[in-house]
Amino acid sequence: MIVRHGVVDAVTLPGSEPIRANELVVERSGQRRLVLFWYQSVRRSGMLGGLDQTLDRFLSRLRFGRADGSLVRLSTPISASEDEETARTRLRAFGREIAPLLDAHWPREARPPAARS
């Protein structure tokens, strides 16, 4: 069950804009988790979904000939002995570590050569 949902600046990297993300607190069988997720494409990161994602796919198709994207989801448990802020600090620290690595794993596809006449 979703206990709380909001939008936050989840990850801030030196020299770049913060990555905006959906933040949820979810609970299942008495266990709570803090979850961050956003969408990423070859063009940009930190899309929240909906119109933002559709527009990015359209512009990527025009500019790069591709419209692929990815969901990035990070989560951590919120133990009974800690508060949400402690879990948030841990999750954002992890996000700062992995966010710069994601681009290196993005598929690098060459654009098909133009047809010859």
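Key figures
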quantity	calculated
Using alpha-carbon coordinates, inclination of helix 84-102 to the longest axis of the chain, degrees	20 degrees
Virtual paramagnetic centre 7 Å along Cα→Cβ of Val26, amide N under 20 Å, in the stretch 63-82	70-80
Label point distance in nm, Arg73-Leu102, each placed 7 Å from Cα along Cα→Cβ	1.4 nm
Cα-only Debye scattering, the chain: base-10 log of I(q)/I(0) at q = 0.19 Å⁻¹	-1.03
Neighbour net charge for Thr12 - beta-carbon separation under 9 angstrom, K R +1, D E -1	0
Debye intensity ratio in log₁₀ form over the Cα atoms of the stretch 1-68, taken at each q of 0.12, 0.15, 0.18 Å⁻¹	-0.41, -0.59, -0.75
Unit charges on C-beta of K, R, D, E only; dipole of the chain, Debye	620 debye
C-alpha long axis of helix 51-64 to longest principal axis of the chain, angle in °	30 degrees
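No value in this document is a laboratory result; all are computed from the given coordinates. As the structure is a prediction and not an experimental result, all values here were calculated from the model. Note: ideal-geometry Cβ built from the backbone for every residue, glycine included; neighbour counts use all protein chains shown.
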